1. Convex hull over the Cα atoms of the stretch 90-225, averaged projected area in nm²?
2. In what sequence do W235, W194 fall when counting other Cβ within 10 Å, fewest first?
3. Could you list S140, S166 in order of exposure, starting from the residue whose Cβ has the fewest other Cβ atoms within 10 Å?
4. Say the cut-off is 21 Å between C-alpha atoms; which of K25/K251; K240/K280; K251/K280; K25/K109; K109/K251 go over it?
5. Top mean-square fluctuation among R196, R57, R100, Gaussian network model of the chain, C-alpha springs under 10 Å?
6. Tell me, what ³J(HN,Hα) does each residue in the stretch 84-95 have, in order and in whole Hz, if you take phi through Karplus 6.51 cos²θ - 1.76 cosθ + 1.60 with θ = phi - 60° and put x for Gly and Pro?
7. Bin width 10 Å, origin at 0, all Cα-Cα pairs of the stretch 235-317: what percent of pairs per bin?
8. Rounded to the nearest 20 Debye, what is the dipole magnitude of the stretch 151-207 about its Cα centre when Lys and Arg each give +1 and Asp and Glu each give -1 at the C-beta?
Amino acid sequence: MKVTNTVNSHLSLGEWLHENFMLFKMRMKSFSAMDESIKSVFERVESLDAITAQYSRKRIRDCQILEIGFGANPHLMIALQSMGCDVIGIDLDQPVLHFRTKYFYSIYKKNGVGRLVKSFVRSVLFDKYERNALARLLESKGFGMKIDESAFKVGDAAEFVFEKESFDLIFSNLVFMHIPMEKMRQLVRKMTEWLRPDGIALIRIGIHTGISGGLLTEWYPHLLNENIQRRSDPWEHLRKKRFEADYYQNKLRLKEYRQVLSGYFDILEEINETPDLGSKFLTPEIRAELSDYSESELISFRYTFILGKPSESPMLS
Ligand SMILES: C[S@@+](CC[C@H](N)C(=O)[O-])C[C@H]1O[C@@H](n2cnc3c(N)ncnc32)[C@H](O)[C@@H]1O
């Protein structure tokens with residue numbers, strides 16, 4: 001099966017424009033707090049470092065690292081490279097690493113004119129400023145910004161070939177929700193092969209059943225406490241399903257992730273980062289309507305699995 005980031009083809013032009021305009025507005029808003037948002041990249045580096053130190057007794061600078069799905073703004077990979085870490089990443093889509101025609105041409109060839117326009121606008125309006133903010137922050141920590149283009153691989157991670165046991169750390173942030181179940185199974189099996197025996201994997205997901213899980217922009221976590229006009233209802237994606245986000249989603253439940261991941265890995269820890277997200281919207285009526293779900297899966301969203309190589313042979317698929 002070929003996987004792409006192609007958006008929902010049944011999304012009407014109006015819905016597509018609405019979602020993308022909301023995203024644009026959010027981006028403009030975070031523009032003024034750029035340095036703050038870039039700082040969070042370093043918090044993530046520190047968190048990766050603490051977790052590798054705890055579980056594999058290695059500092060991140062001594063690890064060979066793979067990032068699955070680095071995204072259109074691969075700040076974390078750039079920060080890691082600049083700090084001297086040995087990191088490779090793979091994403092379905094070509095990132096715009098510099099403002100050069102070759103990147104835009106490659107996006108146009110693979111994803112068509114819609115994605116080309118989106119990437120071009122983002123690049124002109126935001127990328128340069130974000131990169132400058134990242135460079136300033138790196139400099140304040142004594143690092144010069146480095147971008148090794150050859151480390152940014154483009155392709156489907158589940159189909160990619162990496163050497164066996166070549167990584168100490170494999171991580172992925174908010175990617176697995178966009179991978180179909182069977183593809184994910186294939187990828188997770190490959191990850192056990194790519195990891196060294198004492199290596200660990202960190203998979204961070206957004207849970208579909210959470211209030212933000214439909215990925216409709218107006219229900220994004222940071223907007224939940226804002227008094228904004230919304231056109232959809234809380235947990236719209238599990239109830240009336242009138243609107244769709246502009247991304248492919250596998251809609252898996254937490255137990256399904258557990259089942260796939262534990263088929264190949266030992267789950268060393270599960271971190272529920274947002275155990276009480278949107279509970280104020282969970283009225284008794286909505287709770288009754290969503291009685292097939294546990295309360296915890298309705299009010300959770302960001303969730304991290306820390307995985308180790310299995311002590312026994314993984315199941316064969
Ligand atoms: C929501 S973005 C997250 C990007 C980034 N990790 C971040 O935190 O900003 C999901 C990314 O996963 C990538 N992706 C989805 N399926 C993939 C696959 N099978 N192989 C590689 N990358 C994939 C998409 O291209 C997209 O860039």
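Please treat every number below as a calculation from the coordinates, not as lab data. Computed from a prediction, not measured in an experiment: that's the story for all the values here. Here the Cβ is made from the backbone with ideal geometry for all residues, glycine too, and neighbour counts use every protein chain on show.
1. Over all viewing directions, the stretch 90-225 projects a mean Cα-hull area of 11.3 nm².
2. Arranged by neighbour count, lowest to highest, W235, W194 become W194, W235.
3. Neighbour counts put them in this order, fewest first: S140, S166.
4. On the way: K25/K251 26 Å; K240/K280 19 Å; K251/K280 23 Å; K25/K109 28 Å; K109/K251 29 Å.
Violating the 21 Å limit, Cα to Cα: K25/K251; K251/K280; K25/K109; K109/K251.
5. R100
6. Each residue of the stretch 84-95 in turn: x, 7, 8, 10, 10, x, 9, 9, 4, 10, 6, x Hz.
7. So the P(r) values, bin by bin, are 14, 38, 31, 15, 3.
8. On the way: 8 positive and 8 negative charges, 32 e Å.
Around 160 debye, computed over the stretch 151-207.
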